[in-house]
There are 4 protein chains.
Amino acid sequence: MAQQRGKTNKADATRRQLLDAALSVISERGYADTTVDRIVEVAGVSKGVAYYHFASKADIATCILVEGVGGIIDEFEVVAAAAPSATNALVAMMESFAAVIFRNADFGRFLVSELWRRGREWSDALRVLEERLLAVLRSQIERGQREGSIRAGVDASFEAVAIVGMVLTATLHYIREAEQRIEDGCAPARAHAETERAFLFHIQDYVHHANA
Amino acid sequence: MAQQRGKTNKADATRRQLLDAALSVISERGYADTTVDRIVEVAGVSKGVAYYHFASKADIATCILVEGVGGIIDEFEVVAAAAPSATNALVAMMESFAAVIFRNADFGRFLVSELWRRGREWSDALRVLEERLLAVLRSQIERGQREGSIRAGVDASFEAVAIVGMVLTATLHYIREAEQRIEDGCAPARAHAETERAFLFHIQDYVHHANA
Amino acid sequence: MAQQRGKTNKADATRRQLLDAALSVISERGYADTTVDRIVEVAGVSKGVAYYHFASKADIATCILVEGVGGIIDEFEVVAAAAPSATNALVAMMESFAAVIFRNADFGRFLVSELWRRGREWSDALRVLEERLLAVLRSQIERGQREGSIRAGVDASFEAVAIVGMVLTATLHYIREAEQRIEDGCAPARAHAETERAFLFHIQDYVHHANA
Amino acid sequence: MAQQRGKTNKADATRRQLLDAALSVISERGYADTTVDRIVEVAGVSKGVAYYHFASKADIATCILVEGVGGIIDEFEVVAAAAPSATNALVAMMESFAAVIFRNADFGRFLVSELWRRGREWSDALRVLEERLLAVLRSQIERGQREGSIRAGVDASFEAVAIVGMVLTATLHYIREAEQRIEDGCAPARAHAETERAFLFHIQDYVHHANA
DNA sequence: GATGAATGAGTCTTCATTCAT
DNA sequence: GATGAATGAAGACTCATTCAT
């Protein structure tokens with residue numbers, strides 16, 4: 001994966017532009033249907049720079065995935081370290097996870113579509129990140145069991161995966177419904193925010209009862 | 001989508017061969033990286049027949065998805081109609097869903113990667129099927145609330161999506177782990193069946209508590 | 001290297017057209033400056049067929065080289081087997097070699113430019129062929145030494161290489177001079193044939209004395 | 001072609017570094033597959049300086065060829081002027097020619113691959129140099145005929161070309177064999193020097209007899 | 001003098017689809 | 001019904017060259 005070298009701000013800015021453009025284009029039609037031509041068009045740069053900053057189209061996608069999931073993990077770890085209780089930590093992590101997806105549905109869709117794909121250049125990198133993300137969740141669930149807020153019968157390993165699956169799937173579902181409503185003119189654009197609040201309430205309630 | 005014509009058994013067999021070959025190839029490298037050349041090679045037929053049985057490459061994929069999800073829905077409806085209680089129905093549906101994925105991980109991976117993609121030829125068809133699948137789940141959850149086995153606080157709409165997300169994600173995760181263990185030689189091939197049993201116990205326990 | 005399958009005459013004809021077009025284009029500007037676009041344009045076929053019949057641009061070049069040098073070797077072997085004496089065989093081989101180059105200067109130029117290049121896809125194949133060609137020459141020189149027509153002091157290995165180098169270099173030189181004269185209008189087009197005769201006389205005289 | 005400006009030693013050193021790097025890279029993969037990026041990387045300078053010292057990539061190659069062949073011609077002329085007899089001169093020139101190639105096989109390979117190529121930027125320059133080189137050889141052969149050491153039947157024009165072809169081809173062949181032996185561990189690195197001595201003996205013997 | 005980011009035309013290659021046999 | 005040769009549009013990637021800093 002292309003490394004960012006702190007050389008110039010200009011170069012970094014170009015790199016960022018390409019990454020942003022790529023994510024938006026990829027989420028629009030998927031990685032395979034995304035052309036480098038389109039990415040550089042959206043980024044407003046020439047095709048050559050794309051290959052000056054990244055080794056390949058796959059390298060761009062890998063950077064997006066790694067930086068994106070890496071950011072989520074970083075926040076998970078910060079949240080976990082700061083939370084007064086495991087329950088608190090889990091709630092905060094789910095909120096933070098959902099917030100990232102809500103704010104960047106493009107990234108969420110890309111992530112889901114790639115999470116189980118095999119044979120991609122980034123498959124290995126992604127699996128490592130996934131494991132790290134699950135590990136943070138697992139450790140908080142186990143902490144909750146030690147603290148007594150989560151019943152012993154829960155399988156930490158299972159719940160970690162289940163939470164990721166629920167949040168990802170349900171968030172994308174809710175986003176699609178909200179987008180549909182806005183598109184149909186049945187709801188104002190702020191419906192998005194309301195959907196997010198309602199969704200967060202549901203999932204926290206669900207996990208709370210499952211753990212009790 | 002190409003209709004199956006009951007004409008000959010030969011034709012049906014060829015059609016089935018193509019569909020199976022396509023699914024296996026698609027799950028290996030994704031729809032976009034799958035070539036018609038490769039499909040017919042795996043199916044052991046000439047390229048001409050593929051276009052005799054299907055209108056296009058997308059048509060093949062659509063058939064796989066529609067027939068696959070359609071089968072799941074059909075079973076859901078049968079199970080729901082036969083179940084003595086909502087709780088019973090939900091458990092049976094989750095079991096049946098997971099069983100399909102366990103038995104055909106290729107299909108599961110393809111489904112997940114396409115579920116949220118927009119702009120595909122089959123996107124609309126898939127969304128309709130998804131809605132039908134969710135509707136069956138929702139109706140059983142609501143029945144459970146009427147029967148008193150599911151607490152009123154549960155949002156049926158949310159739980160339906162959450163269950164689909166959990167089952168899909170967790171099943172694929174467990175399958176990958178089992179595959180990894182078998183690959184590494186750390187476990188015998190029957191580890192698959194044991195994994196499935198353990199997984200089913202976890203998810204039923206989890207949903208049971210979340211609903212109680 | 002793409003294998004020719006005797007399936008259809010049509011397909012074989014297309015393959016041959018591509019090979020001929022490729023040789024003519026390659027000899028015009030060299031392999032690297034030859035585009036597949038230009039080859040198919042000259043061949044009068046679509047770009048797709050080129051890749052249906054050959055694996056790559058390099059594959060086309062390899063076929064030209066292998067078939068071309070292979071043809072020379074075949075003729076060498078026939079000539080060597082039929083010649084009443086080693087001297088006779090050597091003369092006939094030099095004539096046959098020079099004739100191929102005179103008749104197809106394009107091929108000669110391509111061969112010389114690739115003979116010493118390393119790291120090409122066809123480098124290994126070419127080296128094997130070169131060794132076979134040298135072996136035929138060597139065996140006739142050694143036969144001449146046994147027959148007493150070639151002095152013992154001659155190093156067969158060296159002379160084989162020397163003959164190839166002389167014939168190749170001198171032939172191309174003479175061709176260029178003849179082309180130049182025709183281009184300048186200083187000589188009629190038949191100058192080519194006269195040049196070939198004069199050249200053959202010189203080289204045979206030279207080798208004859210060197211061996212005596 | 002870029003002129004060397006006696007300005008600074010620094011500039012000259014950079015120029016030389018670029019030329020050496022270019023020759024080594026070109027001989028490795030050919031002119032067309034050589035990138036300016038790779039040249040400056042090997043030379044250890046930035047891309048800007050390359051274009052400060054040379055007008056273009058072709059300019060670099062032209063300089064290598066012109067300076068290389070020019071050096072050979074210069075030495076030929078010095079040798080020819082100093083030699084007591086034509087035979088002496090020819091021997092010395094062949095030795096000097098072979099020595100250059102032995103010491104710089106990269107240059108030899110580049111020269112051979114470009115000698116017959118048409119349409120290159122340096123094609124004309126190269127042809128002029130070739131003609132000058134052949135002229136020196138021819139004049140010594142004719143001198144030998146006047147001195148009586150070379151039989152009248154020899155065609156000076158032909159022998160000049162033949163010698164160039166033989167030396168170039170045979171030298172490169174011997175170098176490759178020596179490199180192969182060293183690579184295979186079948187011979188020590190000094191095998192190179194021995195090969196050169198044996199080769200020189202063979203070619204001088206061959207030409208001597210051809211001329212007698 | 002020196003740097004390296006940026007350009008964009010040009011190449012090879014792929015592949016869904018068609019159709020003559 | 002079946003085959004496989006042919007099509008051509010489209011896409012990833014390269015690289016000589018320029019130029020602002």
Q: Using θ = phi - 60° and the Karplus relation 6.51 cos²θ - 1.76 cosθ + 1.60, list the HN-Hα couplings for region D:19-36 in order, rounded to whole Hz, with x at every Gly or Pro.
A: 4, 5, 4, 4, 4, 5, 5, 4, 5, 6, 9, x, 4, 5, 8, 8, 9, 4
Q.
Just want to confirm a number: the relative contact order over region D:100-212, from Cα pairs under 8 angstrom separated by 6+ residues, in percent.
A. 29 percent
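For the interface of D with C, what's the total buried accessible surface in square angstrom, probe 1.4 angstrom, rounded to the nearest hundred?
4400 Å²
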Q | Average beta carbon contacts from partner chains per residue of A:61-69, 10 Å cutoff | A | 0
Q) Peptide B:147-160: average number of partner chain Cβ atoms within 10 Å per residue? A) 3
Q | Shape box of region D:1-126 [Cα atoms, principal axes, largest first, Å] | A | 51, 33, 25
**Q.** Percent carbon-and-sulfur accessible area, region A:1-55, ignoring ligands, DNA and RNA, probe 1.4 Å
**A.** 48 percent
**Q.** Alpha carbon centroid spacing (whole Å) that separates region C:149-186 from region B:122-180
**A.** 82 Å
Q: Provide A:Tyr52, B:Tyr52, C:Tyr174, C:Tyr51 ordered by accessible surface of protein heavy atoms (probe 1.4 Å), highest first.
A: A:Tyr52, B:Tyr52, C:Tyr51, C:Tyr174
Q.
Tell me the angle of helix D:191-211 to the major Cα principal axis of chain D, expressed in degrees between 0 and 90 and rounded to the nearest ten.
A. 40 degrees
Q. Summing Lys, Arg as +1 and Asp, Glu as -1, what charge do residues with Cβ under 14 Å from the Cβ of C:Leu200 carry, C:Leu200 excluded?
A. -3
Q: May I ask for the percentage of alpha-carbon pairs in chain B that lie more than 24 Å from each other?
A: 49 percent
Q) What net charge is computed for the residues neighbouring B:Glu121, neighbours being all others with C-beta under 14 Å from the C-beta of B:Glu121, Lys and Arg scored +1, Asp and Glu -1? A) +2
Q | chain C - accessible surface per residue (Å², probe 1.4 Å) | A | 44 Å²
Q) Tilt of helix B:105-115 relative to the longest C-alpha principal axis of chain B, in degrees (0 to 90, nearest 10)? A) 80 degrees
Q: Using only Cα atoms, tell me the angle between helix B:57-82 and the longest principal axis of chain B; keep it within 0 to 90° and round to the nearest 10.
A: 30 degrees
Q) Which of A:Lys47/D:Lys10; A:Lys10/C:Lys57; B:Lys47/C:Lys10; A:Lys57/D:Lys10 have a Cα-Cα distance over 29 Å? A) A:Lys47/D:Lys10; A:Lys10/C:Lys57; A:Lys57/D:Lys10
Q: Mind pulling the per residue volume of the convex hull built on the Cα atoms of region C:1-55? Å³ is fine.
A: 73 Å³
Q. By the scheme Lys and Arg +1, Asp and Glu -1, what is the net charge of all other residues having a beta-carbon under 11 Å from that of D:Gln140?
A. -1
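Carbon and sulfur: what percent of region C:61-211's accessible surface (1.4 Å probe)?
Of all accessible area on region C:61-211, carbon and sulfur atoms account for 53 percent.
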Q) So how strong a dipole does region A:41-137 carry about its Cα centre when Lys and Arg Cβ are +1 and Asp and Glu Cβ are -1, to the nearest 20 debye? A) 300 debye
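For the protein assembly as shown, report the % of Cα-Cα distances exceeding 51 Å.
Counting pairs separated by more than 51 Å, the tail of P(r) holds 42 percent.
The values are calculated or read from the model by the stated rules, or taken from the named source; none is laboratory data. Remember, it's a predicted structure, so these values are computed and weren't measured experimentally. No Cβ is skipped: glycine too gets one built from the backbone with ideal geometry, and neighbour counts run over all protein chains shown. Calculation scope for accessible area: heavy atoms of the full protein, side chains included, ligands and nucleic acids excluded. Shrake-Rupley method; radii C 1.70, N 1.55, O 1.52, S 1.80 Å.
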